[in-house]
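We did not get these values from a lab; they are worked out from the coordinates using the rules stated. These numbers come from a predicted model, not from an experiment. We place every Cβ from the backbone using ideal geometry, glycine too, and count neighbours over all the protein chains shown.
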Amino acid sequence: MIPRVLVFAGSNRSGSFNRQLAQAAAKVLALQGAEVTMIALADYPLPLVDEDLKKEKGVPANAIRLARLFAAHDALFLASPEYNASIPPLVKNTIDWVSLVRSDGSGPVRPFDGLTVALGSASDGKLGGIRGLYHLRAVLMNVGAQVVSQQCAISWANKAFGEDGMPSDEREAKHLEKACRALLDHCTPGRGR
Ligand code: FNR
C-alpha cells in the first residue's frame, strides 16, 4: 500500500525557507514512493486559540478541515521555523486548534493518533532552527503523534537551496533523505483510509 504523506511549512512568509524545505521534502518523498499532498497553512487561516471562542462558536471550520487531512494521511512532514529557540505561533496555534477537534465531536476523533511525523527546520542562522524542533517534538508527542528521531536542519538557508530546489550541502541533503526514509519506514500505510 502506498503511504500517504501530508507536507506543509510552518510559515506563511513570502519567500519562506521552510516552504522551500517542505517542497524539497515533497520531492524526496515522492521519489521514495509516497503519495504526497502539499498544503499551505495560509489556506487554513485560524484565529488565536481561545476556549471562550470554542465555547461560543465551536472549533473553527479550518481546524476541522485540517484535522480531517491529518486523519486521512499516514504521515506528516512538517518544516517549521524556530522563533526564539522554540515553536512559532502559527505552528503552535494550528496544533492547539486541531487538538481541540477531538473533543468537539464535529471532526475525526484524535486526529494525531497514529500519525507519524518527521520534522525539519530552516533558518538563515548557523543552527538552522534545530533548537525549536525539540519543543515541537514534545508538543506533537503530547497530542498523540509519533515523531521519528531523524530530522533535518538547514543552516544559512538564504543560500542553502540549489537550482533544483534541493539542499546543496551534501550532509543536509542526506539528513533530509534519511528523515523522509524514516518517516516512510515507521508510518502505517492504510492508517489514513
Ligand atoms: C526568528 N528567527 C530565528 N532564527 C533562528 O535560527 N533562531 C531563533 O531563535 C529565531 N528567532 C526568531 C524570532 C522571531 C520572532 C522571528 C520573527 C524570527 C529567524 C527565522 O528563523 C527566520 O526568519 C526564518 O527564515 C523563518 O522561517 P521562514 O519564514 O523563512 O520559513
key: For residue 24, net neighbour charge (Lys/Arg +1, Asp/Glu -1) across residues whose Cβ lies under 11 Å away   = -1
inquiry  = If packing is taken as the average count of other Cβ atoms within 10 Å, what order do 156-167, 139-150 fall into, highest mean first?
reply    = 139-150, 156-167
query = Karplus couplings for the stretch 83-88 from phi (6.51 cos²θ - 1.76 cosθ + 1.60, θ = phi - 60°), rounded to Hz, Gly and Pro as x?
reply = 10, 6, 6, 8, 7, x
inquiry  = Need the C-alpha centroid separation for the stretch 25-87 versus the stretch 110-156, integer Å.
reply    = 13
task = Would you look at the GNM of the chain, springs on alpha carbons closer than 10 Å, and say which of 19, 110, 171 moves the most?
result = 171
Residues whose placed amide H lies under 5 Å from that of residue 125, excluding near-sequence neighbours = 156, 157
remark   = For residue 117, the residues 5 or more places away or on another chain with a placed amide H closer than 5 Å to its own amide H are 76, 146, 147, 148
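Once the other residues with Cβ under 13 Å from the Cβ of residue 116 are scored (Lys, Arg +1; Asp, Glu -1), what is the net sum? All intermediate terms of the calculation are to be shown ahead of the outcome.
Details: positive: 4, 137, 181, 191; negative: 74, 113, 185.
Here the charged neighbours net out to +1.
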task = Provide the per-residue ³J(HN,Hα) series for the stretch 113-128, in order, calculated from phi with Karplus coefficients 6.51, -1.76, 1.60 and θ = phi - 60°, each as a whole number of Hz, with x at glycine and proline positions.
result = 4, x, 7, 8, 10, 10, 10, x, 8, 9, 8, 7, x, 5, 8, x
